[in-house]
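Q: Would you mind keeping the following structure in view while I ask a few things?
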Amino acid sequence: MHKQHIRKGDNVYVLAGEDRGKEGRVLKVLVQKQKAIVEGINMVTKATKPNAQHPQGGLIKMEAPIAISNIALIDPKSGKPTRVSLRRENGKVIRISKKSGEEIK
């Protein structure tokens, strides 16, 4: 299992798939499956039975996981997709943008 460069709350750019070229915010990272759920990306329709949250049941639109290899972090300085390098400082792992050299918060 690899160290993840993508974290919850990051803004990412979709590199491949039906939603190629779109941007979104990461809602959840599934480390074991090497996937992430991105807001507004890879939307699917799910049929649900009536429950407490949805008393009527029916069809619900929701985000499906997308492979981490198909998304790239957006550089905070330039706003373009970038690769990420990791560096340790004072026992903490810091993510650095390959494009601008800036630290990614």
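Q: Using +1 on the beta carbon of Lys and Arg, -1 on that of Asp and Glu, and nothing else charged, what's the dipole of the chain about the Cα centre, debye to 20?
A: My answer is approximately 320 debye.
Q: Can I ask one more? Counting Lys and Arg as +1 and Asp and Glu as -1, what is the net charge of the other residues whose Cβ lies under 14 Å from the Cβ of Leu30?
A: Residues near Leu30 contribute +4 overall.
Q: Distance in nm between label sites at Val44 and Lys77, each 7 Å beyond Cα in the beta-carbon direction?
A: That separation, rounded to one decimal, is 3.9 nm.
Q: What Rg and what Dmax come out for the chain when only alpha-carbon atoms are used, in angstroms?
A: 16.4, 53
Q: Based on Cα positions only, what radius of gyration and what Dmax would you give for segment 54-105, in angstroms?
A: 17.4, 53
Q: Also, I was wondering about something else. Under the √(5λ) rule applied to the eigenvalues of the Cα gyration tensor, what semi-axes describe the equivalent ellipsoid of segment 1-43? Give them in Å, descending.
A: 17, 11, 9
Q: Using 0.36 nm per residue of separation minus the Cα-Cα distance, give me the extension gain between Lys3 and Ala52 in nm, one decimal.
A: Taking 0.36 nm per residue and subtracting the Cα distance, the gain is 13.9 nm.
Q: Below 21 Å, Cα to Cα, which lysines can Lys33 reach? Residues fewer than 8 away in the same chain don't count.
A: List returned: Lys3, Lys8, Lys46.
All of the numbers you see were taken from the coordinates with simple rules; none came from a lab. Every value quoted in this text rests on a predicted model; they were computed, and no experiment measured them. All Cβ positions, even for glycine, are placed from backbone atoms using ideal geometry, and neighbour counts span all protein chains on display.
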